[in-house]
1. State which residue pairs qualify: first residue closer than 12 Å to Gly83 by Cα and part of a strand (DSSP E or B) and inside region 96-107, second residue open to solvent by less than 60 Å² (accessible area, probe 1.4 Å) and of a type in the set (Asp, Glu) in any location, beta carbons under 9 Å apart, and separation of 6 or more residues or different chains.
2. Conditions: (1) touching a strand residue (DSSP E or B) at 6+ places or on another chain (Cβ under 9 Å); (2) in a loop (DSSP other than H, G, I, E, B); (3) charged (D, E, K, R). Lys91 meets all but one. Number of the miss?
3. Hey, Asp112 hits all of (1) under 13 Å from Ser41 (Cα atoms); (2) over 12 Å from the mean Cα position of the chain (by Cα) but one; which does it fall short on?
4. Counting just the residues of region 106-128 that are more than 18 Å from Asn62 (Cα to Cα) and of a type in the set (A, V, I, L, M), which one comes out surrounded by the most Cβ atoms within 10 Å (Cβ to Cβ)?
5. Identify, from the list Phe42, Phe85, the residue that is open to solvent by 70 Å² or more (accessible area, probe 1.4 Å), aromatic (Phe, Trp, Tyr), farther than 19 Å from Lys29 by Cα and modelled with pLDDT under 90.
6. Could you please find all residues in region 47-77 being open to solvent by 30 Å² or more (accessible area, probe 1.4 Å) and in a strand (DSSP E or B)?
7. Name every residue in region 94-105 that is open to solvent by 10 Å² or more (accessible area, probe 1.4 Å) and either under 12 Å from the mean Cα position of the chain (by Cα) or of a type in the set (A, V, I, L, M) (or both), in order of residue number.
Amino acid sequence: QDDGLRRVYLAKYETTKGFDGTESTLFRKTLENSENEIISSFIKLSSDQGFALISSSGIDPNQDISLKTIDTAGNIQFEEHFGSFKNDIGKSLVQTNDGGFLILGTLGSGADSDICLIKTNPVGLLSK
């Protein structure tokens, strides 16, 4: 689709153990609702072999931090958005010992930006 919007495209490949070293595609897909989205951090989940990612989504100057988890088949398990009414950008993502997530990001832009640290539970809801 060539409409000038950025979309998230995921592909997972597995190398076979054959002598030829061929690769087989496990999945290849464009994530729904990923218009104008830029991935900042992508991690493998320790619990179920799926993945988690943070991105900036929306139209400048009103972007939000988006947290998604994706299963081993490439399906979105959950998606949560965090931010203000400014340009909010996720920078780094880690999975915590309790299965939740810690997101480092910025709220706002330029001289009017603040650093934020967001802690979620395992399904992306804010936690203490």
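1. Once the first residue is closer than 12 Å to Gly83 by Cα and part of a strand (DSSP E or B) and sits in region 96-107, its partners that are open to solvent by less than 60 Å² (accessible area, probe 1.4 Å) and of a type in the set (Asp, Glu) give Gly105/Asp88; Thr106/Asp88; Leu107/Asp88.
2. The one condition Lys91 does not meet is (2).
3. Every condition holds for Asp112 apart from (1).
4. The selected residue is Ile118.
5. Testing whether each residue is open to solvent by 70 Å² or more (accessible area, probe 1.4 Å), aromatic (Phe, Trp, Tyr), farther than 19 Å from Lys29 by Cα and modelled with pLDDT under 90 leaves just Phe85.
6. Phe51, Ile59, Asn62, Asp64, Ile76, Gln77
7. Those that are open to solvent by 10 Å² or more (accessible area, probe 1.4 Å) and either under 12 Å from the mean Cα position of the chain (by Cα) or of a type in the set (A, V, I, L, M) (or both): Val94, Leu102, Leu104.
The values are calculated or read from the model by the stated rules, or taken from the named source; none is laboratory data. Since this is a predicted model, take the numbers as computed values, not measurements. We place every Cβ from the backbone using ideal geometry, glycine too, and count neighbours over all the protein chains shown. Each accessible area value is taken on the protein alone, full model and side chains, heavy atoms only, with ligands, DNA and RNA left out. Shrake-Rupley method; radii C 1.70, N 1.55, O 1.52, S 1.80 Å.
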